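The values are calculated or read from the model by the stated rules, or taken from the named source; none is laboratory data. What you see is a predicted model, and the numbers here were worked out from it, not measured in a lab. Cβ coordinates were reconstructed from backbone atoms using ideal geometry, including for glycine residues, and neighbour counts include every protein chain displayed. Just so you know, the surface numbers come from the protein's heavy atoms only, side chains and all, with ligands and any DNA or RNA stripped out. Shrake-Rupley method; radii C 1.70, N 1.55, O 1.52, S 1.80 Å.
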Amino acid sequence: MSEWKELTLGELYEIRSGLSKPSSDFGTGYPFLSFKEVFYNTFVPEKLIQLVNSTPKERESCSIKRGDVFLTRTSETQDELGMSCVALKNYENATFNGFTKRLRPKPETEILPEYIGYFFRSPRFRQKITAMSSLSTRASLNNEMLERLSVIVPSKNEQLAISNILKSLDDKIELNRRMNETLEEMARAIFKDWFVDFGPTRAKQEGRAPYLPEHIWSLFPGAIDDETGLPEGWEEVPLNHHLQFNPNESLKKGVEAPYLGMSALPTQGSIADPPTLRAFTSGMRFRNGDTLFGRITPCLENGKTAFIQNLMPDEIGWGSTEFIVMRCIPPVPKAFSYLISRHPDFRATAIQSMTGSSGRQRVRTEALENYIFCNPDPKIWECLASIINPIFDRVSSYGLESRTLAEMRDRLLPKLMSGEIRIKEAEKIVEEAL
């Protein structure tokens, strides 16, 4: 602790605002760091996917280099103000958005980007941001306010040790995320092959070799019906033949139950944020195995959807009226509701059915109930369940592990930043967890 210093951002960084351009300049051009990417990432993503038509002068003045810190300078609420994102490498020809501030380290600054990335996301710094922000019509931060904020700067060796400890947890969380992404892609590929492309039937019709186990392969018809376009013997049915929509569940007012708001639903993947306990008033009710489908603009377009797996057996959760609850009817496997909710054609149909005033449009439940789908041999549902149930069990397991690791990281973060817990002790805790 004797080597630790407390320095102001004004002593450590040069501060400037980003690039403001009309919407017509976006979509082509050079890499661009968006407000959303700053808000949701501790570190700048490896690849910037947004593009902007920027000039050589703009690319020079609004460049992104290793060590740069980006802070959201304006937001609707104080909680969303001053969210940070740190660059761990140079980004050629890239610029950043005008709703953030760039803090570029001064030449004499001795601070590791990996360390400061975690510090700016720590409760200590977040509390300082909230305390000094002004809230009139919008929360905002200016250069003078930022320059007065201070950071704790340990020795270089301790900065490295602290960031390595926290990064080891983040690396495992990221590995789990990629594993879950792969697992869900596998499940979606099976869904598409069996029920959209009718791959097994087409392979049989064309005389190709089986690519599924015999007990599954034998269940698929041998030809496509020319009139229906479906495998022979299959028929078209509305989706409510396979799913219940917003099923009735009894939950007494005032009883505490797991609650999920729309913000808890992910835009990618199936895992929602942990529910919070709230006394039930009114809202949608759900159980394990249900899919929650965001039905309001812009949540639908952004992909807000979750497959519920983290409730206790027979426990009823509740939440926002802005999602539709989808529950499979046996023998259809539970995860089918999630797989179809992520299918592009289903989502396009949902978007086309939206009604209401601009900015507050909603999907009509009836449009989803009447979505046309195929009706295969019931034994095929049983085979699908035998394959995808273990997949989503693993997804749930990886998600739970990541949540535990994230909670550990968030507990260690303020203690490491304040010196309350020493490096060796934290390393032992993390080693046992991994």
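Quick notes
- For the stretch 270-335: Kirkwood Rh in Å [reciprocal of mean 1/r, alpha carbons]: 12.5
- Local net charge near I329, Cβ-Cβ under 13 Å (Lys/Arg +1, Asp/Glu -1): 0
- Solvent-accessible area, 1.4 Å probe, carbon plus sulfur percent, for the chain: 50
- Rounded FRET efficiency, nearest 0.05, which uses the C-beta distance separating E301 from E249 and R0 of 35 Å: 0.80
- Separation of the alpha carbons by more than 24 angstrom is noted, of K172/K424; K36/K65; K65/K128; K5/K128; K21/K167, for K65/K128; K21/K167.
- Mean Cα-pair separation over length for the stretch 1-112, i.e. relative contact order, pairs under 8 Å, 6 or more apart, %: 37
- Whole-Å semi-axes of the stretch 365-434's equivalent ellipsoid (Cα gyration tensor): 47, 17, 5
- Residues in the stretch 37-68 that a label on R188 would reach, taking backbone N under 15 Å of a point 7 Å out along Cα→Cβ: none
- For the stretch 236-392, the equivalent ellipsoid built from the Cα gyration tensor has semi-axes of 23, 21, 14 Å, listed from largest to smallest.
- Accessible surface, per residue, of the stretch 32-113 when the full set of protein chains is kept, probe 1.4 Å, Å²: 47
- Neighbour count of at most 16 Cβ within 10 Å plus DSSP loop: longest GluC sites (Glu not before Pro)-free window in the chain: 316-419
- L405 sits among other residues whose Cβ lies under 9 Å from its own Cβ, and their net charge, with Lys and Arg +1 and Asp and Glu -1, is 0.
- Structural descriptor for the chain: relative contact order 15 percent, calculated from alpha carbon pairs under 8 angstrom and at least 6 residues apart.
- When you restrict to C-alpha pairs under 8 Å that are six or more residues apart and normalise by the size of the stretch 245-294, the relative contact order lands at 44 percent.
- Gyration tensor over the Cα atoms of the stretch 139-267: the corresponding equivalent ellipsoid has semi-axes (square roots of 5 times the eigenvalues, largest first) of 52, 27, 16 Å.
- Cleavage-rule hits, chymotrypsin sites (Phe, Trp or Tyr not before Pro), the stretch 156-234, DSSP coil, Cβ neighbours within 10 Å at most 12: Y211
- Column: log10 I(q)/I(0), Debye, Cα scatterers of the chain, q = 0.08, 0.11, 0.12, 0.13 Å⁻¹: -0.59, -1.01, -1.13, -1.23
- Inter-label distance, R422 to Q352: 6.7 nm, where each label sits 7 Å from its Cα along the C-beta direction.
- Qualifying trypsin sites (Lys or Arg not before Pro) for the stretch 123-213 [loop in DSSP, other Cβ within 10 Å: at most 16]: R138, R208
- Taking each DSSP H run with n ≥ 4 as -39500 (n - 2.57) and averaging over every residue of the chain yields -11500 deg cm²/dmol at 222 nm.
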